[in-house]
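As structure tokens, the structure follows; a few thoughts come after it.
The values are calculated or read from the model by the stated rules, or taken from the named source; none is laboratory data. Please read all numbers here as calculations on a predicted model, not as lab measurements. A quick note on method: Cβ atoms are made from the backbone with ideal geometry, for glycine too, and the neighbour counts reach across all protein chains shown.
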Amino acid sequence: MDNCIFCKIVAGDIPSSKVYEDDQVMAFLDLSQTTKGHTLLIPKKHVRNVLEMDESTAQDLFARLPKLARALQKATGAVGMNIINNNEEIAGQSVFHAHVHLVPRYDQNDGIKIEYTTHEPDFNVLGKLAAQIASEVEE
């Protein structure tokens, strides 16, 4: 894509602080550095997000994730890590080239909050929804 900042980084037109690269993927430090070591892992091939990703690109991208996460944790001394992927603007995606955020975590009081609302489950409703989703999964 002509205007894609990540494609420009892959092409070498824009500098980056690269931490990993092979024929299929690239990882570099996020400019925001939400926490020290905040890294982005991207496929080199332009694809908008996981919702548009084919199986081969997904395999290439996600197969590298554990190795990169372990290296990042070892290099930074992080106690834990959030691994986040946002798909579409409503979910927080701001660069429309697929990417995974690796956000090292160092302590409970770093100001980062990821919260989920919990409530008593309605197993009948959940069963129907699960069946509906399962019927849409491509073989």
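Mind listing just one residue for me: the one in the range 90-121 that is touching a residue at least 60 places away in the same chain (Cβ under 8 Å) and either touching a Gly at 6+ places or on another chain (Cβ under 9 Å) or of a type in the set (Lys, Arg) (or both) and, of those, nearest to residue 74 (Cα to Cα)? Can you show your working first?
First pass over the range 90-121, keeping only residues touching a residue at least 60 places away in the same chain (Cβ under 8 Å): 95-97, 99-106, 110, 112.
After this cut, where a residue has to be either touching a Gly at 6+ places or on another chain (Cβ under 9 Å) or of a type in the set (Lys, Arg) (or both) as well, the list is 102-106.
Numbers: 102: 13, 103: 13, 104: 10, 105: 12, 106: 12 Å.
Looking at the filtered set, the residue picked out is 104.
Within the range 58-112, being assigned to a strand (DSSP E or B) and either under 10 Å from the mean Cα position of the chain (by Cα) or of a type outside the set (A, V, I, L, M) (or both) holds for 80, 82, 83, 84, 100, 101, 102, 103, 104, 105.
The single condition among (1) surrounded by 10 or more Cβ atoms within 10 Å (Cβ to Cβ); (2) closer than 18 Å to residue 36 by Cα; (3) of a type outside the set (S, T, N, Q) that residue 113 does not meet is (1).
Restricting attention to the range 74-89, the residues that are touching a residue at least 12 places away in the same chain (Cβ under 8 Å) and either among the aromatic types (Phe, Trp, Tyr) or surrounded by fewer than 10 Cβ atoms within 10 Å (Cβ to Cβ) (or both) add up to 0. Just one of (1) of a type in the set (S, T, N, Q); (2) modelled with pLDDT under 95; (3) touching a strand residue (DSSP E or B) at 6+ places or on another chain (Cβ under 6 Å) trips up residue 76, so point out which. Every condition holds for residue 76 apart from (2). Within the range 1-59, being exposed (fewer than 14 other Cβ atoms within 10 Å of the Cβ), among the aliphatic types (A, V, I, L, M) and closer than 19 Å to residue 76 by Cα holds for one residue alone: 31.
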